[in-house]
Amino acid sequence: MPREVVIGLNAVIVAVTDEAPRLLAVREPGHRLGGRDGEWSLPFGPLEPDADRTLELALRGWVRAQTGLGLGYVEQLYTFGNRDRDPAERAGGPRVISIAYLALVREAPPSGAAGASWLDVYDFLPWEDWRDGRPSVIEESIAPALDRWVEAVPAERSQRRERADIAFGLGGAPWNGERVLDRYELLYEVEKVAEAKRDRTGETTLRRGKAGGEATLGRAMALDHRRILASALGRLRGKLRYRPVVFETLSSAFTLSRLQRTVEALAGVRLHKQNFRRLVEQGGLVEGTGQVETRTGGRPAGLFRFRRDVLRERPAPGVGLPGTRHPG
(Lines give C-alpha, C1' and ligand atoms only; values in the text may rest on other atoms or scores of the structure.)
Protein backbone atom coordinates (compact mmCIF):
# COMPACT_ATOMS: atom_id res chain seq x y z
CA MET A 1 0.00 0.00 0.00
CA PRO A 2 1.50 3.40 -0.98
CA ARG A 3 2.67 5.52 1.93
CA GLU A 4 0.73 8.67 2.67
CA VAL A 5 2.41 11.94 1.70
CA VAL A 6 1.79 15.11 3.69
CA ILE A 7 2.58 18.46 2.11
CA GLY A 8 3.23 21.36 4.41
CA LEU A 9 4.58 24.88 4.40
CA ASN A 10 7.44 26.25 6.50
CA ALA A 11 8.13 29.93 7.12
CA VAL A 12 11.57 31.40 7.84
CA ILE A 13 10.49 34.78 9.23
CA VAL A 14 13.38 37.21 9.70
CA ALA A 15 13.58 40.66 11.25
CA VAL A 16 16.47 42.86 12.37
CA THR A 17 16.26 44.48 15.80
CA ASP A 18 19.06 46.31 17.63
CA GLU A 19 21.57 45.15 15.01
CA ALA A 20 20.66 41.49 15.52
CA PRO A 21 19.08 39.28 12.85
CA ARG A 22 16.07 37.68 14.50
CA LEU A 23 14.10 34.52 13.72
CA LEU A 24 10.50 33.89 14.71
CA ALA A 25 10.43 30.35 16.10
CA VAL A 26 7.67 28.32 17.71
CA ARG A 27 7.61 25.69 20.41
CA GLU A 28 4.14 24.26 20.50
CA PRO A 29 3.81 21.22 22.81
CA GLY A 30 2.97 18.06 20.94
CA HIS A 31 2.79 19.71 17.50
CA ARG A 32 3.89 16.73 15.40
CA LEU A 33 4.56 18.57 12.17
CA GLY A 34 6.41 21.56 13.61
CA GLY A 35 8.46 20.23 16.47
CA ARG A 36 8.24 17.98 19.51
CA ASP A 37 7.88 19.10 23.09
CA GLY A 38 10.61 21.53 24.09
CA GLU A 39 12.14 21.92 20.63
CA TRP A 40 12.26 25.13 18.65
CA SER A 41 10.99 24.87 15.11
CA LEU A 42 10.01 27.08 12.25
CA PRO A 43 6.32 27.89 11.96
CA PHE A 44 4.71 25.05 10.01
CA GLY A 45 1.28 24.29 8.69
CA PRO A 46 -0.10 21.52 6.50
CA LEU A 47 -1.58 22.33 3.12
CA GLU A 48 -5.32 21.71 3.00
CA PRO A 49 -6.00 21.00 -0.70
CA ASP A 50 -9.75 21.52 -0.47
CA ALA A 51 -9.55 24.74 1.53
CA ASP A 52 -6.35 26.51 0.43
CA ARG A 53 -6.63 28.29 -2.91
CA THR A 54 -2.89 29.10 -3.12
CA LEU A 55 0.21 28.05 -1.19
CA GLU A 56 1.02 31.61 -0.20
CA LEU A 57 -2.45 32.37 1.13
CA ALA A 58 -2.30 29.17 3.17
CA LEU A 59 1.10 30.20 4.54
CA ARG A 60 -0.10 33.65 5.54
CA GLY A 61 -3.19 32.24 7.20
CA TRP A 62 -1.59 29.72 9.51
CA VAL A 63 1.38 31.99 10.32
CA ARG A 64 -1.13 34.51 11.61
CA ALA A 65 -2.92 31.78 13.57
CA GLN A 66 0.28 30.40 15.10
CA THR A 67 2.16 33.65 15.76
CA GLY A 68 -0.34 36.51 15.42
CA LEU A 69 1.90 38.03 12.74
CA GLY A 70 0.77 39.31 9.36
CA LEU A 71 3.38 38.77 6.64
CA GLY A 72 4.44 41.34 4.07
CA TYR A 73 7.30 40.30 1.76
CA VAL A 74 7.26 36.54 1.09
CA GLU A 75 9.13 34.44 -1.45
CA GLN A 76 9.31 30.69 -2.01
CA LEU A 77 12.64 29.27 -0.91
CA TYR A 78 12.97 25.55 -1.60
CA THR A 79 11.22 22.20 -1.20
CA PHE A 80 12.53 19.82 1.45
CA GLY A 81 11.53 16.18 1.22
CA ASN A 82 14.34 13.85 2.33
CA ARG A 83 13.19 10.48 3.59
CA ASP A 84 12.83 10.27 7.39
CA ARG A 85 13.14 14.04 7.84
CA ASP A 86 10.19 13.60 10.19
CA PRO A 87 11.02 10.83 12.72
CA ALA A 88 7.40 9.69 12.68
CA GLU A 89 8.07 8.33 9.18
CA ARG A 90 10.40 5.67 10.62
CA ALA A 91 7.47 4.38 12.64
CA GLY A 92 5.26 4.08 9.57
CA GLY A 93 4.03 7.65 9.49
CA PRO A 94 3.58 9.72 6.33
CA ARG A 95 6.34 11.12 4.17
CA VAL A 96 6.45 14.84 4.97
CA ILE A 97 7.27 17.27 2.15
CA SER A 98 7.80 20.89 3.19
CA ILE A 99 7.73 23.88 0.88
CA ALA A 100 9.72 26.59 2.63
CA TYR A 101 9.21 30.34 2.33
CA LEU A 102 11.35 33.29 3.35
CA ALA A 103 9.55 36.28 4.87
CA LEU A 104 11.03 39.63 5.94
CA VAL A 105 9.23 41.74 8.52
CA ARG A 106 9.73 44.28 11.27
CA GLU A 107 9.75 42.65 14.67
CA ALA A 108 6.48 42.79 16.60
CA PRO A 109 5.39 40.96 19.76
CA PRO A 110 4.14 37.51 18.76
CA SER A 111 0.92 35.95 19.96
CA GLY A 112 -1.08 33.10 18.47
CA ALA A 113 -1.34 29.49 19.56
CA ALA A 114 2.19 28.14 19.06
CA GLY A 115 4.31 29.76 21.77
CA ALA A 116 6.22 31.91 19.29
CA SER A 117 9.37 33.84 20.27
CA TRP A 118 11.95 35.98 18.51
CA LEU A 119 15.44 34.45 18.76
CA ASP A 120 18.86 35.52 17.46
CA VAL A 121 19.67 33.82 14.14
CA TYR A 122 23.32 33.51 15.17
CA ASP A 123 22.36 31.46 18.22
CA PHE A 124 21.53 28.75 15.69
CA LEU A 125 24.43 29.47 13.29
CA PRO A 126 27.18 31.01 15.48
CA TRP A 127 29.94 30.55 12.88
CA GLU A 128 28.15 32.93 10.48
CA ASP A 129 28.68 36.22 12.37
CA TRP A 130 32.00 37.83 11.32
CA ARG A 131 31.21 41.38 12.37
CA ASP A 132 33.79 41.25 15.14
CA GLY A 133 36.27 39.15 13.17
CA ARG A 134 36.53 35.42 12.58
CA PRO A 135 34.25 33.71 15.13
CA SER A 136 36.30 31.97 17.81
CA VAL A 137 34.21 28.82 17.40
CA ILE A 138 35.84 28.25 14.00
CA GLU A 139 39.40 28.06 15.34
CA GLU A 140 38.51 26.40 18.62
CA SER A 141 36.08 23.74 17.46
CA ILE A 142 35.26 23.66 13.77
CA ALA A 143 38.74 23.74 12.21
CA PRO A 144 40.12 20.91 14.43
CA ALA A 145 37.07 18.76 13.69
CA LEU A 146 37.47 19.36 9.97
CA ASP A 147 41.18 18.52 10.16
CA ARG A 148 40.33 15.13 11.67
CA TRP A 149 37.66 14.58 9.04
CA VAL A 150 40.13 15.40 6.26
CA GLU A 151 42.72 12.96 7.61
CA ALA A 152 40.22 10.16 8.28
CA VAL A 153 40.14 9.01 4.64
CA PRO A 154 43.58 9.40 2.98
CA ALA A 155 42.19 8.65 -0.49
CA GLU A 156 39.83 11.64 -0.21
CA ARG A 157 42.19 13.95 1.62
CA SER A 158 42.64 16.45 -1.21
CA GLN A 159 38.93 16.76 -2.01
CA ARG A 160 37.97 17.01 1.64
CA ARG A 161 40.61 19.64 2.35
CA GLU A 162 39.39 21.76 -0.54
CA ARG A 163 35.77 21.46 0.56
CA ALA A 164 36.56 22.41 4.15
CA ASP A 165 38.78 25.36 3.19
CA ILE A 166 36.30 26.81 0.71
CA ALA A 167 33.34 26.41 3.07
CA PHE A 168 34.94 28.02 6.13
CA GLY A 169 37.59 30.31 4.65
CA LEU A 170 40.48 28.17 5.89
CA GLY A 171 43.97 27.69 4.46
CA GLY A 172 43.99 31.10 2.79
CA ALA A 173 40.62 30.63 1.05
CA PRO A 174 38.32 33.69 1.22
CA TRP A 175 35.14 33.66 3.28
CA ASN A 176 31.99 33.55 1.15
CA GLY A 177 29.01 34.65 3.21
CA GLU A 178 26.49 33.06 0.87
CA ARG A 179 27.74 29.48 1.46
CA VAL A 180 25.63 29.14 4.61
CA LEU A 181 24.00 25.87 3.57
CA ASP A 182 27.34 24.37 2.48
CA ARG A 183 28.74 25.06 5.94
CA TYR A 184 25.78 23.57 7.78
CA GLU A 185 25.81 20.48 5.57
CA LEU A 186 29.51 19.96 6.24
CA LEU A 187 29.07 20.32 10.01
CA TYR A 188 26.18 17.86 9.80
CA GLU A 189 28.41 15.41 7.94
CA VAL A 190 31.15 15.58 10.58
CA GLU A 191 28.52 15.40 13.36
CA LYS A 192 29.26 18.78 14.88
CA VAL A 193 25.56 19.64 15.07
CA ALA A 194 23.18 17.80 17.37
CA GLU A 195 20.71 16.96 14.62
CA ALA A 196 23.29 14.69 12.94
CA LYS A 197 23.53 12.32 15.89
CA ARG A 198 19.77 12.38 16.38
CA ASP A 199 19.16 11.43 12.77
CA ARG A 200 21.87 8.76 12.76
CA THR A 201 20.72 7.03 15.94
CA GLY A 202 17.02 7.55 15.48
CA GLU A 203 16.67 9.34 18.80
CA THR A 204 13.35 11.08 19.21
CA THR A 205 14.64 14.01 21.27
CA LEU A 206 17.38 16.51 20.58
CA ARG A 207 19.89 16.92 23.37
CA ARG A 208 22.22 19.85 23.25
CA GLY A 209 25.69 18.90 24.40
CA LYS A 210 27.70 16.05 22.90
CA ALA A 211 27.80 14.45 19.47
CA GLY A 212 30.58 12.07 18.56
CA GLY A 213 32.17 12.77 21.95
CA GLU A 214 32.55 16.52 21.32
CA ALA A 215 30.53 19.62 22.07
CA THR A 216 28.00 20.41 19.37
CA LEU A 217 27.53 23.84 17.87
CA GLY A 218 24.66 26.26 18.08
CA ARG A 219 21.07 25.89 19.18
CA ALA A 220 19.46 22.81 17.64
CA MET A 221 16.06 22.72 15.96
CA ALA A 222 13.38 20.15 15.29
CA LEU A 223 13.37 18.04 12.14
CA ASP A 224 15.62 19.65 9.46
CA HIS A 225 14.58 23.19 10.33
CA ARG A 226 18.13 24.41 10.96
CA ARG A 227 18.99 23.27 7.43
CA ILE A 228 16.03 25.27 6.15
CA LEU A 229 17.22 28.30 8.15
CA ALA A 230 20.71 27.96 6.64
CA SER A 231 19.19 27.85 3.15
CA ALA A 232 17.19 30.99 3.87
CA LEU A 233 20.12 32.97 5.27
CA GLY A 234 22.26 32.10 2.25
CA ARG A 235 19.46 33.16 -0.11
CA LEU A 236 18.93 36.39 1.79
CA ARG A 237 22.63 37.30 1.73
CA GLY A 238 22.72 36.75 -2.01
CA LYS A 239 19.63 38.90 -2.55
CA LEU A 240 21.16 41.85 -0.70
CA ARG A 241 23.35 42.39 -3.77
CA TYR A 242 20.57 42.70 -6.34
CA ARG A 243 17.19 43.23 -4.62
CA PRO A 244 16.17 45.93 -2.11
CA VAL A 245 14.88 43.33 0.35
CA VAL A 246 16.63 44.92 3.34
CA PHE A 247 14.08 47.75 3.37
CA GLU A 248 11.38 45.25 4.36
CA THR A 249 12.99 45.08 7.81
CA LEU A 250 13.24 48.87 8.32
CA SER A 251 10.73 51.47 9.39
CA SER A 252 9.49 53.91 6.75
CA ALA A 253 12.15 56.47 7.77
CA PHE A 254 15.67 55.56 8.82
CA THR A 255 19.20 56.93 9.05
CA LEU A 256 21.92 55.72 6.72
CA SER A 257 23.77 54.35 9.75
CA ARG A 258 20.78 52.22 10.65
CA LEU A 259 20.52 50.99 7.07
CA GLN A 260 24.19 49.99 7.09
CA ARG A 261 23.95 48.23 10.46
CA THR A 262 20.92 46.32 9.24
CA VAL A 263 22.74 45.13 6.13
CA GLU A 264 25.75 44.17 8.24
CA ALA A 265 23.55 42.20 10.64
CA LEU A 266 22.16 40.10 7.80
CA ALA A 267 25.44 39.75 5.91
CA GLY A 268 27.41 38.96 9.06
CA VAL A 269 30.28 41.30 8.09
CA ARG A 270 31.25 44.95 8.54
CA LEU A 271 31.16 47.32 5.58
CA HIS A 272 33.20 50.43 4.82
CA LYS A 273 30.98 53.36 5.71
CA GLN A 274 31.84 55.78 2.89
CA ASN A 275 31.76 53.10 0.18
CA PHE A 276 28.40 51.86 1.41
CA ARG A 277 26.85 55.33 1.49
CA ARG A 278 28.23 56.19 -1.92
CA LEU A 279 26.71 53.06 -3.47
CA VAL A 280 23.33 53.58 -1.80
CA GLU A 281 23.05 57.25 -2.69
CA GLN A 282 24.47 57.01 -6.22
CA GLY A 283 22.29 54.00 -6.89
CA GLY A 284 19.19 56.04 -6.15
CA LEU A 285 18.00 53.60 -3.50
CA VAL A 286 17.05 56.24 -0.95
CA GLU A 287 15.83 59.81 -0.78
CA GLY A 288 15.89 62.31 2.04
CA THR A 289 12.74 63.04 4.00
CA GLY A 290 13.84 66.52 5.05
CA GLN A 291 13.69 65.43 8.69
CA VAL A 292 16.37 64.45 11.19
CA GLU A 293 16.63 61.97 14.01
CA THR A 294 17.69 63.65 17.22
CA ARG A 295 17.82 60.57 19.44
CA THR A 296 21.30 59.55 18.35
CA GLY A 297 22.93 61.30 21.32
CA GLY A 298 25.12 63.45 19.10
CA ARG A 299 24.84 65.35 15.87
CA PRO A 300 21.33 65.02 14.39
CA ALA A 301 21.24 62.44 11.59
CA GLY A 302 19.21 62.87 8.42
CA LEU A 303 16.28 60.55 7.85
CA PHE A 304 15.82 58.75 4.54
CA ARG A 305 13.23 56.51 2.94
CA PHE A 306 13.35 53.84 0.27
CA ARG A 307 12.86 55.39 -3.18
CA ARG A 308 10.43 53.02 -4.85
CA ASP A 309 10.98 54.48 -8.32
CA VAL A 310 14.28 52.62 -8.42
CA LEU A 311 12.30 49.43 -9.05
CA ARG A 312 11.29 50.85 -12.44
CA GLU A 313 14.70 52.30 -13.24
CA ARG A 314 17.05 49.39 -12.56
CA PRO A 315 16.74 45.63 -13.04
CA ALA A 316 18.84 44.78 -9.95
CA PRO A 317 18.60 47.56 -7.34
CA GLY A 318 20.36 45.90 -4.40
CA VAL A 319 22.44 47.56 -1.72
CA GLY A 320 25.42 45.33 -2.51
CA LEU A 321 28.19 44.60 -0.04
CA PRO A 322 30.79 47.23 -0.92
CA GLY A 323 34.18 47.21 0.73
CA THR A 324 33.45 44.18 2.88
CA ARG A 325 35.88 44.04 5.78
CA HIS A 326 36.92 40.83 7.54
CA PRO A 327 38.90 41.90 10.59
CA GLY A 328 40.92 39.02 12.01
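Compute the Cα gyration tensor for the chain, then decide on rounded, prolate or oblate, letting a ≥ b ≥ c be the square roots of its eigenvalues: rounded whenever a/c is under 1.5, prolate when a/b is larger than b/c in the other cases, and oblate in all that remain. The shape class here is oblate. As a rough guide to protection, the peptides 16-23, 132-139, 47-54 ranked by mean Cβ packing within 10 Å, highest first, stand as 16-23, 132-139, 47-54.
The apolar share of the surface of the stretch 220-303, taken as the fraction of accessible area on carbon and sulfur atoms (1.4 Å probe, ligands and nucleic acids excluded), comes to 42 percent. Solvent-accessible area per residue in the stretch 12-134 equals 43 Å², computed with a 1.4 angstrom probe and all protein chains kept.
When the Cα positions of 21, 232, 137 are compared along the charge dipole of the chain, 21 comes out farthest toward the positive end, with charges on each C-beta of Lys, Arg, Asp and Glu.
The calculated FRET efficiency for the pair residue 287 and residue 19, based on their C-beta separation and a Förster distance of 22 Å, comes to about 0.40. Net length available on complete extension from residue 257 to residue 3 is 86.1 nm, with 0.36 nm assigned per residue and the Cα-Cα distance removed. Under the convention that each Lys and Arg Cβ holds +1 and each Asp and Glu Cβ holds -1, the size of the dipole of the stretch 1-133 around its Cα centre is about 440 debye.
The DSSP beta bridges internal to the chain are antiparallel in roughly 70% of cases.
Projecting each Cα onto the charge dipole of the chain (Lys/Arg +1, Asp/Glu -1 at the beta carbon, about the Cα centre), which of 272, 79, 154 comes out farthest on the positive side? Of the listed residues, the answer is 272.
The values are calculated or read from the model by the stated rules, or taken from the named source; none is laboratory data. What you see is a predicted model; the values in this text were computed from it and never measured. With ideal geometry, Cβ positions are generated from the backbone for all residues, glycine too; neighbour counts draw on all protein chains shown. What goes into the accessible areas is simple: the full protein's heavy atoms, side chains included, and nothing from ligands, DNA or RNA. Shrake-Rupley method; radii C 1.70, N 1.55, O 1.52, S 1.80 Å.
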